[in-house]
1. Can you say whether SER300 is modelled with pLDDT under 95 and either over 21 Å from the mean Cα position of the chain (by Cα) or in a loop (DSSP other than H, G, I, E, B) (or both), as far as the supplied structure shows?
2. Condition first: open to solvent by 80 Å² or more (accessible area, probe 1.4 Å) and touching a strand residue (DSSP E or B) at 6+ places or on another chain (Cβ under 6 Å). Now tell me which residues in the stretch 299-341 satisfy that.
3. Tell me, which strands (runs of 3 or more DSSP E) lie completely within the stretch 210-286 with 2 or more residues that are open to solvent by 10 Å² or more (accessible area, probe 1.4 Å) and more than 22 Å from ASN297 (Cβ to Cβ)?
4. For the stretch 58-67, state whether one or more residues are within 24 Å of the chain's Cα centre (by Cα), in contact (Cβ under 8 Å) with a residue 60 or more places away in the chain and surrounded by fewer than 20 Cβ atoms within 10 Å (Cβ to Cβ).
Amino acid sequence: MKLASYKDGSRDGQLVVVSRDLRTAHYASGIAHRLQQALDDWDFYAPQLQDLYDALNADRARHSFDFNPAQCMAPLPRAYQWLNGAAYLSHLALLRQVAEGDLPAGLKTDPLLHQGAGDAFIGPCDDIVVASEAMGIDFSAELAAIISDVKQDTSPEDALDAVRLLMLANPVSLRQLEAAEQGKGAGLVQSRPVTAFSPVAITPDELGEAWRGGKIHLALQTSWNGRKVGMCDAGPEMGFHFGQLIAHAAKTRHLRAGTVLGSGTVSNSGAEKHGRMDWPKGYGCIAEKRCMEALQNSKSKTGFMQFGDTVRMEMKGKDGHSLFGAIDQNVAPLYPVQADAEPAQESVA
């Protein structure tokens, strides 16, 4: 099934069930008012939500209405815990190849996770609001899972069974603030201000055969200012599947229902072509693009996002239909300022 949270002036919104084709929706208030409520007692609420979903798809729901992604908050507008990972080793390898060299051995055997801000996620069409373009505004095309309760020191196999819903995610990075925070040897706070999620969260069964081994075997499409810049395959190069990410987080503590875990930037490795490295699948964040340019030409030319820029992320099934709906955002200034010129970009065919 597919679930969303509609804006109603509250912090948690109203839970709605959305049709498979993303055309219609129905308030779930007769079952559960908020998604966290359903997650807290999933075995009780999920069958009722599934019945409403089936009725909606069969055009039997009496009070359905046209679904509007712009009316959506994040499916889970605030979470008890938001952990973002770096499951795609090609992403880490690319960034470290330019900055530091090879990956530390431990990153190849244990997932990297960091604590994010889960108290106020933003919706798929909400503006990315930043005080200054000089902060280095970057997007990140990612996947995320919402889980049920997980016991401490659970196995990756058992942890995978805890995945209740899957989403697309765009954790915004402020790249020019990263170095100062990393230099202190602590976590990233100021440089990771907000995260947006897809209009709907879907149960894994909606993916069919594309959901296997704890990975989504489909391409994640990313466009920047209307130009396609990424068409990265999310499955083959995910170094740690969602069960492994969850189990790593639960190694020394229990995880509670409503915890959200991110995959990190979906990334594919480059290949040498005519004596030059090339990345035919494009990139999922601007930092990757800048590293690609540095390796190709010894210099990065692509700037970070500017006020007025747009970013769009979407994943389609084998039938060509959107699965999660699209994250479609604008970059806006916190204070009234004049936007600079758009940075040079390169499109992926």
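The values are calculated or read from the model by the stated rules, or taken from the named source; none is laboratory data. The model shown is predicted, which means the values in this text are computed figures rather than measured ones. Reconstructed Cβ throughout: ideal geometry from the backbone, glycine too, with neighbour counts over all protein chains shown. For the accessible areas, the whole protein counts, side chains as well, though only heavy atoms, and no ligand, DNA or RNA atoms are used. Shrake-Rupley method; radii C 1.70, N 1.55, O 1.52, S 1.80 Å.
1. Working: modelled with pLDDT under 95: yes; either over 21 Å from the mean Cα position of the chain (by Cα) or in a loop (DSSP other than H, G, I, E, B) (or both): yes.
For SER300, the condition - modelled with pLDDT under 95 and either over 21 Å from the mean Cα position of the chain (by Cα) or in a loop (DSSP other than H, G, I, E, B) (or both) - is met.
2. Hits for the stretch 299-341 are ARG312, LEU334.
3. Details: elements: 219-224, 227-233, 260-262, 271-273, 276-278.
In the stretch 210-286, 219-224, 227-233 are the strands (runs of 3 or more DSSP E) which contain 2 or more residues that are open to solvent by 10 Å² or more (accessible area, probe 1.4 Å) and more than 22 Å from ASN297 (Cβ to Cβ).
4. Filtering the stretch 58-67 down to residues within 24 Å of the chain's Cα centre (by Cα) leaves 67.
From what is left, the residues that are in contact (Cβ under 8 Å) with a residue 60 or more places away in the chain are 67.
Checking which are surrounded by fewer than 20 Cβ atoms within 10 Å (Cβ to Cβ) leaves us with none.
No, there is no match, as no residue in the stretch 58-67 is within 24 Å of the chain's Cα centre (by Cα), in contact (Cβ under 8 Å) with a residue 60 or more places away in the chain and surrounded by fewer than 20 Cβ atoms within 10 Å (Cβ to Cβ).
Listed here are the residues, each with its yes/no results for (1) open to solvent by 70 Å² or more (accessible area, probe 1.4 Å); (2) aromatic (Phe, Trp, Tyr); (3) in a helix (DSSP H, G or I); (4) closer than 23 Å to PRO336 by Cα.
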position	(1), (2), (3), (4)
PRO111	no, no, no, no
ALA134	yes, no, yes, yes
SER140	no, no, no, no
THR154	no, no, no, no
LEU165	no, no, no, no
ASN170	no, no, no, no
GLU178	no, no, yes, no
GLU181	no, no, yes, no
GLY187	no, no, no, no
